[in-house]
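Reading through the structure tokens given below for one structure.
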Amino acid sequence: MKFNIETAIEQSTEDGKLDAKKLMEFVDTNYVNPIVAKNKPDLDKITVEAKEKWIADLGFENVKDEAQLKAYVKGTSDEWKEKHSQLETNFNELKSKYDEKETAYNTVSSKMTSFERREQLLKDNFNGDAEYALFKINQNVSDDKDYETAYTEYKEAHTKDFAPNKVPNSTAKKVVTNEGSVKYGFEQILEEQGKL
């Protein structure tokens, strides 16, 4: 529509006076609004097209629109939750097995250390109560004093218990049984003498 100023003034004049408010209403209704309406973009269509382009640019196979994207993300999320659950279950099983093995190792290691210390007493010709001696030596072990130092101090303080006796030095090898316990050749001798 072509704007005609004369028509606009004629429609907005009353009793020979121009009413500015009526003139603006006339211009808006007959000139501005039709131009705006004709040139107004379809935002819904643009929004849908923009979403579809953005989704296509993501590069997911067989995902063309918002509904397909939501389904894809939900499916992927469910898959990851399932994989996480499986991994967590596997981890817990492995941790349990590891804890069992660690406990068994620590038990065997502790027994080996105890037998090695008893063997050291035998090599040094100790003829007293081995359990009591080891107990006293271990009492003196601290952050500042290691086992070897405590052992040397005990040996120096109890020289009468380290005199030669009937128990021969044992050079027997350590043997780990199927039950996980450690046995030494000198154990049999000590058991026969009632010292073990």
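Below is a table of values for the structure above.
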{"read-out": "Calculated FRET value between E82 and T152, using beta carbons and R₀ = 35 Å, to 0.05", "value": "0.05"}
{"read-out": "Whether region 66-151 is rounded, prolate or oblate, judged on the alpha carbon gyration tensor where a/c under 1.5 counts as rounded", "value": "prolate"}
{"read-out": "Spacing of the two label points (7 Å from each Cα toward its C-beta) at K74 and D99, in nm", "value": "3.8"}
{"read-out": "Cβ-placed point charges (K, R +1; D, E -1), dipole of region 1-151 about Cα centre in debye, nearest 20", "value": "180"}
{"read-out": "Modelled FRET efficiency - R0 45 Å, K45 with T89, Cβ distances, 0.05 increments", "value": "0.35"}
{"read-out": "Net length gained if the chain between L18 and K145 were fully extended (0.36 nm per residue, minus Cα distance)", "value": "34.7 nm"}
{"read-out": "Cleavage-rule hits (trypsin sites (Lys or Arg not before Pro)) in region 1-102: DSSP loop, at most 10 neighbouring Cβ within 10 angstrom", "value": "K2"}
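Since every read-out is calculated from the coordinates, none of them should be taken as a lab result. Source: prediction; values computed, not measured. Note that we place each Cβ from the backbone using ideal geometry, even for glycine, and neighbour counts take in every protein chain shown.
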